[in-house]
Amino acid sequence: MLKGKPVFRHPDKIQELPWRKWMREALPCPQEGFVVEDLDLLVLRFGGLEGRPYDADGCFFLAEIKQNGVAMGYAQKRVWSLVHRLLRQADPEKKFYAGFYLVNWDTESVLVNRTQMTLDQFKEFLLGRIQIHSLFD
């Protein structure tokens, strides 16, 4: 098992964790038909935020966070689009699955699926008070 502090390949860009390094070295690459993605956020709202009893199932969404205008790569789009389509088929009325969102973070503002908002507006989005169309719908 790999141990130790995270290693930075490009300290100004991305943190390389030991498990990521191992996967990159030990497994096939996307061009060879293998993709591994990590999910940045799974947000679940339940209870009063969803207008349901506290112990009822809530509503969740998935989000990928990027910084400095970085876009999702081809393989990442394919993976999350597939996951989204399957979840949407299971919940077409969006009662439990609200969608997939690309969040581009900046210290002053946030873009959610290309919609610019302040940090206060982003908080309202996370709480379900501002609606934005899911990326793959």
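Quick note: the coordinates plus some simple rules give every number you see, no bench work behind them. Remember, it's a predicted structure, so these values are computed and weren't measured experimentally. FYI the Cβ positions are ideal-geometry reconstructions off the backbone, even for glycines, and counts take in every protein chain you see.
How far apart, in nm, are the 7 Å Cα→Cβ label points at residue 131 and residue 111?
Going by the 7 Å Cα→Cβ label model, 2.4 nm.
Between residue 97 and residues 5 or more places away or on another chain, which pairs have amide H atoms under 5 Å apart, with H built 1.01 Å from N, and which residues are they?
Under 5 Å from the amide H of residue 97 lie the amide H atoms of 60, each far enough along the sequence or on another chain.
Work out how far the C-alpha atoms of segment 24-137 reach from end to end along every principal axis, then list the three figures in whole Å, largest first.
Sorted from largest, the Cα extents of segment 24-137 read 47, 36, 24 Å.
Would you calculate the separation in nanometres between label points at residue 42 and residue 124, each defined as 7 Å from the Cα along the Cα-to-beta-carbon direction?
Simple spin-label model gives 2.9 nm for this pair.
Return the FRET efficiency for the residue pair residue 17, residue 83: r is the Cβ-Cβ distance, R0 is 25 Å, and the value is rounded to the nearest 0.05.
0.70
What 222 nm value per residue comes from the helices of the chain, counting each DSSP H run with n ≥ 4 as -39,500 (n - 2.57) and dividing by all residues, nearest 500 deg cm²/dmol?
Counting only the DSSP helices, I get -7500 deg cm²/dmol.
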